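All remarks here apply to the structure that follows.
The values are calculated or read from the model by the stated rules, or taken from the named source; none is laboratory data. Only a predicted model underlies this, so the values are computations on that prediction, with no experimental measurement involved. No Cβ is skipped: glycine too gets one built from the backbone with ideal geometry, and neighbour counts run over all protein chains shown.
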2 protein chains.
Amino acid sequence: MAEQQADGVEADGVELDTTVLIEDPGPEVPTIAGTGSEEVARVAIVFEPSGKQVRTPVGVNVFDVASWNAIAVDSTCGGHGTCRKCRVQILEGEVPAGGVDARAFTEEEMQAGWRLACQATAWSDLRVQIPPLTTRPKASTVGVGRQVIHRPTVLKRFIELSEPSLTDQRPDLRRVMDAITDMASSADPMVLRSLPKVLRSADFQVTAVVVDDILVAVEAGDTSDRVFGIAYDLGTTTVVATLIDLTNGMPLSVSSMLNKQQRYGADVISRISATMLDPNALENLQGLAHETLDELTGEVCDEAGVNRSEVYQVAVAGNATMVQIALGIDPEPLGVAPFILAAEDYPDVKADELGIKVNTRARACLFPALGAYVGGDIVAGGLACGMDRDQRVRLFIDVGTNCEMILGNGEQLLATAAPAGPAFEAASIACGMRAAAGAIEIVRIDESGLHVECIDGAEAVGICGSGLVDAVAELVSVGLLDESGRFVSDERAHELAPHVADRLTMRGKERVFILTGDPVNGSGVYLSQRDVRELQFAKAAISTGWAILLEEFGIKEDDVQQVLLAGSFGSYLSPKNAIRIGLVPNIAASRVVSAGNVAGEGAKMALLSGSERNGAHSLLNVITYVELSDRADFNDRFVEELAFPIS
Amino acid sequence: MAEQQADGVEADGVELDTTVLIEDPGPEVPTIAGTGSEEVARVAIVFEPSGKQVRTPVGVNVFDVASWNAIAVDSTCGGHGTCRKCRVQILEGEVPAGGVDARAFTEEEMQAGWRLACQATAWSDLRVQIPPLTTRPKASTVGVGRQVIHRPTVLKRFIELSEPSLTDQRPDLRRVMDAITDMASSADPMVLRSLPKVLRSADFQVTAVVVDDILVAVEAGDTSDRVFGIAYDLGTTTVVATLIDLTNGMPLSVSSMLNKQQRYGADVISRISATMLDPNALENLQGLAHETLDELTGEVCDEAGVNRSEVYQVAVAGNATMVQIALGIDPEPLGVAPFILAAEDYPDVKADELGIKVNTRARACLFPALGAYVGGDIVAGGLACGMDRDQRVRLFIDVGTNCEMILGNGEQLLATAAPAGPAFEAASIACGMRAAAGAIEIVRIDESGLHVECIDGAEAVGICGSGLVDAVAELVSVGLLDESGRFVSDERAHELAPHVADRLTMRGKERVFILTGDPVNGSGVYLSQRDVRELQFAKAAISTGWAILLEEFGIKEDDVQQVLLAGSFGSYLSPKNAIRIGLVPNIAASRVVSAGNVAGEGAKMALLSGSERNGAHSLLNVITYVELSDRADFNDRFVEELAFPIS
C-alpha cells in the first residue's frame, strides 16, 4: 500500500491527499536511523563528487545523512525503499546489500557498490558517490522519516502581458493581478515602487512572485526557476542555516556557526540576566543574533551561487529566549517565575526584522512556543519527528542545558522542560570541553582495558558531553561507580575491575578516574567525583521530567515504543549508555534513535509546505504543557532519580 | 422625517442604520453653502474666543466655515437645522434670523445675536462667538452636508489584567488579547517588542490600541481619551493637514503650506518631467513631499498639544501623481499616453512610508484613483460631496491646471479630466499671481466704473484666478470683449461702455485693459488680449469635458440641478461669472455652490468612519471614467467651446 502510494507520486504525478506518508508503526524494528549496534561510535561519510565529509552517529542511513547535510539525493517515496530512486554508489567502506537492493539493482551493479541510500546503514566510515539528480521531486524527506509534498507558499509565474493603450488603460498593478487571479488576491503596496519601470523595461514580460496569496514582487523577464528559501535553527550555542531550492525542495547548502551572543554567556539564563543588568544588553544581543543570522545567510547564498534577493521566505526555529531577543522583545519574564512568554504564537514578520537581508519583501516564519522553556525549536522538532501523527507511543527528548521533552501517541501529547544544567555542554566538568577536535567523545572499557576516541582522531585535550555519558556509564557497568554515583574504594575497585582500577586515584583532595595522560602529576584528561555528581543532577532532572510525563499519560517506562534523541548533543549520545545511566527509559537500545537537528528540519518543512507550516501552529492546540516548577512532588522524585539504575 | 432621525441621534443615543442623512433633494433651493447673492464677494469671519479669522466665499453658512477651519461647533444633525445644537452668537455683522432660529431661541436671545450656525449665512463680514462644546458628538458634519456617524477604526480600551502566576502562565499577548476579544482578532507582531516591560511597569493596567481589528499598541495606564488622526489634502500646490480628535470627531487644528516640491515646477507635468530627466528627481521629490507632510504634522500637533505618538491613523487625499511620488513610485507612465496608473487602489501603507512621523504603528489610508488625471483627491472630494448618494443630477468640478469632473445622480456616475492649463493658477497671465495678499480677487464694472478688490485689502500687485474670471466676465458683460474673446475697437468700446472705455489701450503691440495704475507708462495691473485667450482655452477645455459627460449621460445643460465648485480655486470662484463665461452649465447662479476643500473633507471622513473609508474604495466600482484624449470629436467641440456664451 505504501509502495503504491509512493509510486503514484512518481509515476503519474497525481498528488496525494496527505502531505505525509507515515511509516508503518511496527512495534519492534526501528525503521529510521536506528543505532542497533552494541558498540557506540561515530562514522565519517565522504560524499562525492563534492568531497564533503560529515560525521554522524553510527547506524544512521546514508539518505538521512545526505538530507541533513544539504546533499540532494533523488527520491520520491521519502526513504521508504519503495521508489528505488535514491541510488548511490559506495566507493569505500562496507554496506551489505539487502533485499530491497536486490530488487533495485543487477548483481553487477551491487558488486560495483550500488545501493539504495535509504537502505544503506552506515556502520563504518564510507565514501559514497551521489549521482546527479534526474527528477524534479514533488516531495522531500525531512526530519525523521517525514515525507513532505512540495507546496511552498512562495510561487513564481512568468507572465506575458499586453501593453497598455488608450483603449486598455488598466493600471499597471491591475494588469499584473488580472494575469494571476488564481494565485494572488492582493499585493504588497511596496511592489508598486518599481512596478512601472520594471514592466516597461521588460516589455511587459515579467515574473510575478507570490507569497501566501500576496503579490510581493514583479521581476523583469522569466526568473521563475529561481526561488529559494532559508531554514534557520537559531540555537543558544550554534546557529545553522540551510538554503533550499523551493522549485524542487532540494537543500543546496548548509552552514553553521557559534551564536555570536556567546560573549554574554553560554546559556539562556546568562543572556536574560545580561538584559536585566545592562540596559544596552538587549539591543546588543539582538544585534549579535542578527549578525549571526545574516553572516550565515551570506555563506549559504555564496556557496550555492544564489543572490540574496532570490530568497523570498525564511523560517526560523529557536527557543523562546532566542526568538524574543532576535525580535528585540524583553526576555526578562522568561527568566523569572512564573516564566511568561511574550507570545505563544507569532504571525510572520519581515525577514529584515530578524536582521536577515534577503529579498526586501521576504517574510520570516517563526514557530509557536508552548512555554518559556518549550519554545519554537521544540515545536519545530516535534513537527519534524511527526509527533503529531505517528501513532506509536514516543518520547522526544532534546538534551541540553535546558532539556525539553514531548511524550505522545499522535493524539494525546504532553510536553515539559527540565533544567538539566550545563553538564551535557561539559561546561561544569573539570576537563570538559565543547564537542570539537580533541574532545573525547567515546569511552569504552573492555577486558583489554580503557579505550577512548577523540573527535577527528586528534590528541585528547578534554571530554565532551557524549564522552562524559559514556565514561560514567562504563564505570557504572564495571562497578567503579556505585548506584549512588560514588567512586568505590581502591580495594573494591581492584576486586571488581583490576585492569582499570589503577586509574582510580586522588587529585588533590578529590577522587578522580584518569582517562588519558597523567593528570595528577602532568597533563591529561580525567573524570572527577564532582563531574559524576554534575551528570547525576542533569540526568535526574531529565528522568524526573519524563517520569512525570509518563505518569500523567498513565503509562509505564516500557510502554514507550521509541525514544527520539534530538539536538546537536542528543543525536551523538550513545543510546545504550543513555539507557544505562537512566537518562532515557529502560527499553531496547534499538528503540532509541538519533533524530538529528530536528529544529532545523522543522524549519525546512515550513518552507516546503504551507500546510506543514500551519501544522506547526496547530501543534499548539494539541500539546499540553506540564509545568514542573509548581509540582509539590518534583523535589522528592528528583532525589530518587539521582541514583543510577541497577542493571 | 429628517428631523426625527436627527433627534434620534441626539436624544436616545440610538445609532442610525445609515451613516449619512441625505438632505432632501429639493429642486430649487440650495441648502448648502449656496451663493445666492448677485454680488460676488468674499467675507471675513472672526471666530471668538480664539480670534481666528478666516476668509470665505460669501453665502456660505457659519457652520460649514467653522467646520472647514477646525473650529468645533456642537451639532448632532449635521447642519440640517433639526438638532438646534449649533448655537452661536453673532457679535458683529448682520445675520437675519430665520424661522428655524425662532423655534430655537427666545426673542431676547435672537436680539442678542444668537443664531443656529447652520442657518447663519455669511453675507458680510462677521464676528461670531462659539460656545464651548456641551456634548460628545456621535456624528460630525463633513464636506458638503455629509453627516458622518463616528465609527473610527482606531479604538482604545483601558484594561486591568490579572498578573501572571504559575497557575496562569498565559503569555503576555494572550492575556491582552483575551481582554479584547470583541475588538481585535490579531496583533501587530511589533507590539511585542515593548509589551513585557509595559505590562510590568504599569502593574498590568494598560490601554489597548486597536486599528482595523489589529492590536497595534499597548500603553501604560489609561490613555483611552487620547486618540487622534490627521487628514491630509496633498495638493500639487498646497498641502493642508487637519488634526482630529477621534473620540468626538472634533477637528482641533488645521495648517497648510505650499508643497515643497514647487521648485520642480508648478504642475504635475513639470514634476513628472523632472523625474524623466534627472535620475535623482524622484527621490528628491519624494523627500520634499515627506518633508511637507511631516512639517504640517508637527504644526497641527503642536497647536493642539498632541504628542505625535498619540496619532494612530492618517488619511491622505492627493492626485495620482502626488500619491505615486510620495510613495516613491515612478510617475512617468502618468505623464505620457496612454496615461497609466501604477494602481487604482492602495491598501493602507505605514504612515512612515509617506514620511509622516506619528505613532510608529500608524497606518495611512490612501484614496483610490479613477485614472491618471482623476486621482484620489477627486474620489475623496466626490465622497465628501455625497456624489454616490445624492439623487439630484449634480456636476462636481475641481477647477485647476488639470480640471476633474464627476457628473451623476447617485446611481450613474461619470468622471473625466480636462487639461485646463495654468490660467486659473494665473501662472501664464501677464500680471498673474497666486491668491495671496495684493492679488486682485474681485473685479466689478458698474455704472460708476471699475471696482477691484484685493486679498487682505492690500495694494494691487497682480491678479489671481478668480479675479481673472471676474474681469473677463465683466468685460464680456459690458461688451468690451466680443463673443469670440477679442477686445472690440476703441470706437465700439466708447459706444458700449464709455465709462471704462479709456482703460482699453495698447501696451507695446498688444491690446490691454488697465485694471489699476498706469501699466503702459509705469506700474499697474492689466489684462492682455493674450490673457483672455489663455482663459478661453482653459474654460473651453473644461466645458468640452462636461459637455461630453452630459451627452454620455443623455441629458442637457439645464437638467443639472447643482454644480459643486471644489478645490482651493473653485471655491472662490464667482458662480455668476463662472456661468457668464461658460465655465459651468448655464443654470441659476444659486445652484452653483462653493464646496470648499473637499479632498481634505473626504480624508476626514475616512478617519471618522471605517464604512465611509470603504465607501471611497467602492466608489471605484460605480464611477465610469471617460477618457477624452482618444475621442475623435474632442478637438471640434473644443473649438466650438472657445467662444463666450451669448447672454
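A compact table of results
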| quantity | calculated |
| --- | --- |
| Residue ID - surrounded by the fewest Cβ atoms within 10 Å (Cβ to Cβ), chosen from residues in the stretch A:90-145 that are of a type in the set (K, R) and not in a helix (DSSP H, G or I) | A:R136 |
| Odd one out for B:R444 among (1) outside any helix (DSSP H, G or I); (2) modelled with pLDDT of 95 or more | (2) |
| Some residue of the stretch A:159-168 being touching a Phe, Trp or Tyr at 6+ places or on another chain (Cβ under 6 Å) and either within 11 Å of another protein chain (Cβ to nearest Cβ) or within 12 Å of B:A342 (Cβ to Cβ) (or both) | yes |
| Condition broken by B:R308, with the remaining ones in (1) among the basic types (K, R); (2) surrounded by 18 or more Cβ atoms within 10 Å (Cβ to Cβ); (3) within 14 Å of chain A (Cβ to nearest Cβ) satisfied | (3) |
| Selection count, the stretch A:424-433, where residues are in contact (Cβ under 8 Å) with a residue 60 or more places away in the chain and under 23 Å from the mean Cα position of the chain (by Cα) | 3 |
| Counted residues, the stretch B:440-479 - those being surrounded by fewer than 21 Cβ atoms within 10 Å (Cβ to Cβ), without any contact (Cβ under 8 Å) to a residue 40 or more places away in the chain and in contact with a strand residue (DSSP E or B) (Cβ under 6 Å, 6 or more places away or on another chain) | 2 |
| Extreme residue, farthest from B:P279 (Cα to Cα), among residues of the stretch B:323-369 that are touching a Phe, Trp or Tyr at 6+ places or on another chain (Cβ under 9 Å) and among the β-branched types (V, I, T) | B:V358 |
| Boolean, B:F204 is within 17 Å of B:R308 (Cα to Cα) and either among the hydrophobic types (A, V, I, L, M, F, W, C) or assigned by TED's automatic domain parsing to the domain that holds B:N307 (or both) | no |
| Enumeration of residues in the stretch B:169-209 that are assigned to a helix (DSSP H, G or I), within 36 Å of the chain's Cα centre (by Cα) and more than 8 Å from chain A (Cβ to nearest Cβ) | B:V191 |
| Residue within the stretch B:228-237 that is over 30 Å from B:D64 (Cβ atoms), in contact (Cβ under 8 Å) with a residue 12 or more places away in the chain and in contact with a helix residue (DSSP H, G or I) (Cβ under 9 Å, 6 or more places away or on another chain) present | no |
| Filtered residues of the stretch A:246-268 (kept if surrounded by fewer than 17 Cβ atoms within 10 Å (Cβ to Cβ) and over 30 Å from A:K52 (Cβ atoms)) | A:R263, A:G265 |
| Restricting the stretch B:612-630 to residues that are within 14 Å of chain A (Cβ to nearest Cβ) and at pLDDT below 85, the residue that is nearest to B:C385 (Cα to Cα) | B:H617 |
| Residue tally, condition under 13 Å from A:Y572 (Cα atoms) and either surrounded by 21 or more Cβ atoms within 10 Å (Cβ to Cβ) or among the aromatic types (F, W, Y) (or both), over the stretch A:47-61 | 4 |
| Residues satisfying the stated conditions in the stretch A:327-356, i.e. facing chain B (nearest Cβ under 7 Å) and more than 23 Å from B:L166 (Cα to Cα) | A:L327, A:G328, A:P347, A:V349 |
